[in-house]
1. Looking at the stretch 293-324 only, could you name the residues that are of a type in the set (Phe, Trp, Tyr) and touching a residue at least 40 places away in the same chain (Cβ under 8 Å)?
2. Give the number of residues within the stretch 267-292 that are in a strand (DSSP E or B), among the small types (Gly, Ala, Ser) and either modelled with pLDDT under 95 or open to solvent by less than 50 Å² (accessible area, probe 1.4 Å) (or both).
3. Go through (1) modelled with pLDDT of 95 or more; (2) open to solvent by 30 Å² or more (accessible area, probe 1.4 Å); (3) assigned to a strand (DSSP E or B) and name the single condition Ile190 misses.
4. Arg316: within 25 Å of Asp259 (Cα to Cα), open to solvent by 30 Å² or more (accessible area, probe 1.4 Å) and at pLDDT 95 or above, yes or no?
5. Restricting the search to the stretch 335-350, which residues are outside any strand (DSSP E or B) and open to solvent by 10 Å² or more (accessible area, probe 1.4 Å)?
6. Among residues belonging to the stretch 229-245 that are in contact (Cβ under 8 Å) with a residue 24 or more places away in the chain and crowded, with 18+ Cβ neighbours inside 10 Å, point out the one that is farthest from Leu49 (Cα to Cα).
7. Which residue, of Ser295, Ser264, is of a type in the set (S, T, N, Q) and in a strand (DSSP E or B)?
Amino acid sequence: MLIEWVGNFHSHTRFSDGTATHRRIAEAAAQAGLDGVAVTDHNVWVKGLQGYYGEVLLLVGEEVHDPCRQPQVNHALILGLGRELAPLAASPQALIDAAREQGALVFLAHPVERSPGWLQRRMGEPPLPWVDREVSGFTGLEVWNAMSEFKARLRTPLHALYHAFFPARFLRGPFPETLRWWEQLWLQGIPAVAIGGADAHGHTYALGPLRRVLFPYEWLFRAVNTHLLLDQPLAREPEADWAVIRAALQAGRAWVANDLLGSSRGFRFEARSGHRQATMGEALRRAGAVRFEASAPLPGEFRLIRFGSGVVARGRGRRFQHLTAEPGIYRMEVYRRGRLWILTNPIRVE
């Protein structure tokens with residue numbers, strides 16, 4: 001039986017450009033109902049702070065980029081570090097190779113990012129996309145980054161003012177360009193795992209006389225999260241538990257959810273053919289027709305998507321079924337109140 005674990009793999013502390021301590025981030029994750037959270041400070045790997053803080057497992061990774069490259073691009077989230085890797089940032093491929101050699105996972109952070117001109121000029125918030133797409137060996141993409149989406153939605157200062165008072169309304173889903181890149185990787189035989197993250201900093205923003213922390217850590221940890229399906233219970237031993245979490249994450253037994261629309265705990269997406277079955281991140285060799293099944297804890301609109309073909313079936317409610325004989329790579333999206341709620345990693349039907 002697979003065990004659900006909910007975490008957020010992108011946050012920052014005072015060691016780089018965040019405002020909180022590691023302990024405070026763990027406390028915010030606990031208040032948001034997460035099982036774990038990763039600190040990924042910019043070009044800083046802090047040794048000795050990984051572990052359990054109450055019921056929350058705090059992982060210490062790193063967001064690595066080359067500070068000498070202008071304009072700034074190519075941010076990599078590295079999880080499972082055993083040493084500092086920032087000195088390798090000038091060569092993205094060397095960085096990925098070194099991380100893999102020590103058993104770490106590498107996700108390309110906010111791979112597509114936009115920033116309006118006024119935001120760059122007045123707030124110093126440039127876009128930070130991943131541009132070196134010829135690299136190989138990375139684990140996956142951070143397909144949904146909450147703060148990247150927020151930045152892109154601020155077309156004018158009036159939009160910024162609006163979202164300061166209605167922050168939940170900007171979260172609509174990953175950029176279409178990100179999803180197209182992700183699907184292209186799979187169609188090319190590169191099984192890139194999709195994750196989501198907060199990119200939490202706890203910054204105070206100022207617009208005229210208005211000053212406020214727009215996105216406290218706890219609020220962001222209630223928003224875009226990654227849900228994993230573990231193949232065994234955790235033992236409350238940080239290193240052993242990371243190995244279990246790492247296996248699920250690397251396999252892609254995961255979905256990304258905007259949990260502000262309602263907790264997605266308990267969601268499932270599976271494919272069955274004869275006596276065989278598979279869940280997200282797995283392959284199913286069909287023995288005749290394939291039945292896709294999904295269930296959600298709250299009602300929503302289900303959309304079954306075949307990579308390269310788009311939406312192939314829809315349904316409403318808490319349960320979904322669809323029968324097909326077509327092989328391919330399939331994923332599920334679920335919408336609530338007209339907004340993306342859940343996005344899964346795919347199941348490959350062979």
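1. First, pick out the residues of the stretch 293-324 that are of a type in the set (Phe, Trp, Tyr): 302, 307, 320.
Once the filter is applied, which keeps residues that are of a type in the set (Phe, Trp, Tyr) and touching a residue at least 40 places away in the same chain (Cβ under 8 Å), the stretch 293-324 yields only Phe307.
2. Our first condition is that a residue be in a strand (DSSP E or B); within the stretch 267-292, this holds for 268-273, 276-279, 283-284, 290-292.
Among the residues that remain, those that are also among the small types (Gly, Ala, Ser) are: 271, 273, 278, 283.
If we keep only those that are either modelled with pLDDT under 95 or open to solvent by less than 50 Å² (accessible area, probe 1.4 Å) (or both) as well, we get 271, 273, 278.
Total meeting the criteria: 3.
3. (3)
4. yes
5. Just the residues of the stretch 335-350 that are outside any strand (DSSP E or B), to begin with: 337-338, 345-346, 350.
If the condition is that a residue be outside any strand (DSSP E or B) and open to solvent by 10 Å² or more (accessible area, probe 1.4 Å), then Arg337, Gly338, Glu350 are the ones that fit.
6. Step by step, filter the stretch 229-245, then rank; the result is Leu229.
7. Numbers: Ser264 fails: in a strand (DSSP E or B).
Sole residue among the options that is of a type in the set (S, T, N, Q) and in a strand (DSSP E or B): Ser295.
This table checks each residue for (1) surrounded by 15 or more Cβ atoms within 10 Å (Cβ to Cβ); (2) over 22 Å from Ala247 (Cβ atoms); (3) β-branched (Val, Ile, Thr).
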{"residue": "Pro71", "(1), (2), (3)": "no, yes, no"}
{"residue": "Asn74", "(1), (2), (3)": "yes, yes, no"}
{"residue": "Ile78", "(1), (2), (3)": "yes, no, yes"}
{"residue": "Gly82", "(1), (2), (3)": "no, no, no"}
{"residue": "Ala94", "(1), (2), (3)": "no, yes, no"}
{"residue": "Ala99", "(1), (2), (3)": "yes, no, no"}
{"residue": "Ala104", "(1), (2), (3)": "yes, no, no"}
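The values are calculated or read from the model by the stated rules, or taken from the named source; none is laboratory data. Note that this is a predicted model, so its numbers are computed, not measured. A quick note on method: Cβ atoms are made from the backbone with ideal geometry, for glycine too, and the neighbour counts reach across all protein chains shown. To get the accessible areas, we keep the full protein, side chains included, count just its heavy atoms, and leave off ligands, DNA and RNA. Shrake-Rupley method; radii C 1.70, N 1.55, O 1.52, S 1.80 Å.
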